[in-house]
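Here's the structure we're looking at; comments come further down.
The values are calculated or read from the model by the stated rules, or taken from the named source; none is laboratory data. Treat the numbers as computed from the prediction; the structure is a model and nothing was measured. Methodologically, a virtual Cβ is constructed for each residue, glycine included, from the backbone with ideal geometry; neighbour enumeration extends over all protein chains shown.
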Amino acid sequence: MVFSSLIFLYLFLPLNFVFYFLCKNLKYRNMVLVVFSLIFYAWGEPVWVILLIFSAAIDYAHGLIIEKNRGTWKAKAALISSLVLNLSLLGFFKYSDFVSQNINALFGTNIPLNDFHLPIGISFYTFQTLSYVIDVYRNDTRAQPSFVKFLLFVSLFHQLVAGPIVRYSDIAQEIDERHTNLSEIHSGINRFVAGLGKKVLIANTAGEIAEPFLNGDLKQLSTVGAWIGIILYSFQIYFDFSGYSDMAIGMGKIIGFHYKENFNYPYISKTVTEFWRRWHISLGTFFRDYVYIPMGGNRSHHIRNLLVVWLLTGLWHGASWNFIIWGLFYGLIIILEKKGLSKILNKIPAFISHIYLLITVIVAWVFFYFTDMSKAIGYIGVMFGIGGSGFYSVQDSMAILNNGIFFIIASLGCTPIVPVLQKWIKDRIKDWKYRELVFDICQPALNIILILLCTAFLVGKTYNPFLYFRF
């Protein structure tokens, strides 16, 4: 099930809120959330809910063992056991085919491949449970004594299959005690609807327009067309993933959970280092706190540490060479920035630094999109005038003329212009007598319009992917 489906919007989510708010006791509210979260996860392939519960049980038990034997060899053994079991599960389900394919290709063997689909969201919930066990071992948090509450942390459907990666310590207190009010509910609804609009109206539209450019014959693709296609994909993946995060944060806020921000307008950055402080923030902080710093961080072997982190970042996104190359590409660029490139970028005009960032990120998305490396290299070649059908085509003109307004809206949506404009308006009318009344009317009206538009876009549509479900 995806957030941007009519079943979720008009059946699952309303029923969840009805049952949740009918319960006055927090214990029963938590049970309602667990039941609905397991139904949500089991909707597509019910068998994988067993793996989710098994993974949660493993780390629940290991957390209790560490808590009981803190400071002893048993605690360290439990930590190692948890790491081995979790990474083995992730390795088997996500990476075993990749390893087998490469062994077969290198040595001419015939190792059979798995015939099952990747369990949705396995990378997200594995990282969440791993971070919990590590934090308990470090004494950064106490072990959760209730399995139901721990299962709630692992399975909470808001962020289960596509993040943000929520650490136990971030919501531990709210699992045991949380409150909400009309202001929080109103804010949560606004955030959810904004995320839904980003996903359905912008991400899906960008993906549909990009399809013929990205998946057509490279020999028929022009240089301008290649740039149009990958720029549209850059819009799609940003609005898809940030929209999902907005919806998760909004739903959490409605019932009293406060998840951390996962995006902060990454496309306005001037360096790649800054970009990755603004893009998928929860993943970046996970690798920083649990891989980079324990390996020595900036103190020792920082180049090695960076390469390891970016190799793992690439592998986390997928078991394919294109993701490894994508991750190492970013790792090398960030090393260059730390070795002096960032000082140069800080001295030159800001718009040039910004252009550098955009070109780097857009080229990197090519490696992210194409699992076939020969096609990725061929596509980049067309972007820079090598191969293809020439510089410009009629198809490019039609795409620009027919979607010019969309390009402008998507471009502005990548910037903080909307909140800045809202603040500017509020500041200008702060002494106006009917200021609050106008905003109290306008925001709900805007939400209703956005929901109706999203519904109209979803009716009869077959193109409605969530890109990060596959990770």
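As for the stretch 287-307, it holds no residue that is outside any loop (DSSP other than H, G, I, E, B), touching a residue at least 60 places away in the same chain (Cβ under 8 Å) and over 21 Å from Thr129 (Cα atoms). A single member of Ser82, Ser96 is hydroxyl-bearing (Ser, Thr, Tyr) and farther than 22 Å from Gln144 by Cα, and it is Ser96. What number of residues within the stretch 350-368 are among the aliphatic types (A, V, I, L, M) and within 15 Å of Leu328 (Cβ to Cβ)? So the count comes out to 3.
For first residues located in the stretch 81-102 and under 26 Å from Val136 (Cα atoms) and small (Gly, Ala, Ser), partners that are modelled with pLDDT under 95 and not in a helix (DSSP H, G or I) and lie 6+ apart or on another chain with Cβ distances below 6 Å do not occur.
With respect to the conditions (1) more than 30 Å from Gln443 (Cβ to Cβ); (2) among the aliphatic types (A, V, I, L, M); (3) out of contact with any Asp or Glu (no Cβ under 7 Å at 6 or more places or on another chain), Val193 lacks only one, and its number is (1).
Note on the stretch 34-48: residues that are within 14 Å of Leu118 (Cβ to Cβ) and either in the same structural domain as Ala248 (by TED's automatic domain parsing) or not charged (D, E, K, R) (or both) total 4. Taking the criterion of being farther than 14 Å from Cys414 by Cα and among the polar types (S, T, N, Q), the only residue of the stretch 233-261 that qualifies is Ser245.
Residue-level check: of (1) among the charged types (D, E, K, R); (2) closer than 25 Å to Leu87 by Cβ; (3) not in a loop (DSSP other than H, G, I, E, B), Lys260 misses just (3). Return yes when Gln128 is surrounded by fewer than 23 Cβ atoms within 10 Å (Cβ to Cβ), outside the structural domain of Val418 (by TED's automatic domain parsing) and in a helix (DSSP H, G or I) and no when it is not. Spelling it out, it is not the case that Gln128 is surrounded by fewer than 23 Cβ atoms within 10 Å (Cβ to Cβ), outside the structural domain of Val418 (by TED's automatic domain parsing) and in a helix (DSSP H, G or I). Considering the stretch 428-450, the residues that are within 32 Å of the chain's Cα centre (by Cα) and either among the aromatic types (Phe, Trp, Tyr) or surrounded by 14 or more Cβ atoms within 10 Å (Cβ to Cβ) (or both) include one that is modelled with the lowest pLDDT, namely Phe439. Only one entry of Val84, Val136, Val99, Val161 meets the criterion of being among the hydrophobic types (A, V, I, L, M, F, W, C) and in a loop (DSSP other than H, G, I, E, B), and that entry is Val161.
Yes/no per residue for (1) at pLDDT below 90; (2) closer than 16 Å to Asn215 by Cβ:
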| residue | (1), (2) |
| --- | --- |
| Tyr369 | no, yes |
| Asp372 | no, yes |
| Ala376 | no, yes |
| Gly385 | no, no |
| Ser389 | yes, yes |
| Ile400 | no, no |
| Ala410 | no, no |
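Residues in the stretch 164-204 that are farther than 29 Å from Ser131 by Cα and assigned to a loop (DSSP other than H, G, I, E, B): 1 in all.
The combined condition, being within 20 Å of Leu151 (Cβ to Cβ) and either buried (at least 18 other Cβ atoms within 10 Å of the Cβ) or not assigned by TED's automatic domain parsing to the domain that holds Phe124 (or both), is fulfilled by Asn30.
Report yes if some residue within the stretch 46-58 is touching a Phe, Trp or Tyr at 6+ places or on another chain (Cβ under 9 Å), surrounded by fewer than 14 Cβ atoms within 10 Å (Cβ to Cβ) and in a loop (DSSP other than H, G, I, E, B); otherwise report no.
As a first pass, look at the stretch 46-58 and keep what is touching a Phe, Trp or Tyr at 6+ places or on another chain (Cβ under 9 Å): 47-49, 51-52, 55-57.
Within this subset, residues satisfying the condition of being surrounded by fewer than 14 Cβ atoms within 10 Å (Cβ to Cβ) are 47.
Okay, now just the ones that are also in a loop (DSSP other than H, G, I, E, B), so 47.
Within the stretch 46-58 (the criterion being touching a Phe, Trp or Tyr at 6+ places or on another chain (Cβ under 9 Å), surrounded by fewer than 14 Cβ atoms within 10 Å (Cβ to Cβ) and in a loop (DSSP other than H, G, I, E, B)), the answer is yes, since at least one residue qualifies.
If you check Gly225 against the conditions, is it in contact with a helix residue (DSSP H, G or I) (Cβ under 6 Å, 6 or more places away or on another chain), under 30 Å from Ile400 (Cβ atoms) and either basic (Lys, Arg) or buried (at least 22 other Cβ atoms within 10 Å of the Cβ) (or both)? Answer is yes for this residue. The single residue among Gly188, Gly195 that is under 22 Å from Trp43 (Cβ atoms), outside the structural domain of Gly63 (by TED's automatic domain parsing) and within 20 Å of the chain's Cα centre (by Cα) turns out to be Gly195. Among the numbered conditions (1) within 25 Å of Leu33 (Cβ to Cβ); (2) crowded, with 22+ Cβ neighbours inside 10 Å; (3) β-branched (Val, Ile, Thr), the only one that Ile122 does not meet is (2).
The stretch 345-438 holds helices (runs of 4 or more DSSP H) entirely within its bounds, and those carrying 1 or more residues that are assigned by TED's automatic domain parsing to the domain that holds Gln236 and hydroxyl-bearing (Ser, Thr, Tyr) map to 394-413.
Pull up the stretch 390-413, narrow it to residues that are buried (at least 17 other Cβ atoms within 10 Å of the Cβ) and small (Gly, Ala, Ser), then point me to the one that is nearest to Ile202 (Cα to Cα). Restricting to residues being buried (at least 17 other Cβ atoms within 10 Å of the Cβ) and small (Gly, Ala, Ser), the top hit is Ala410.
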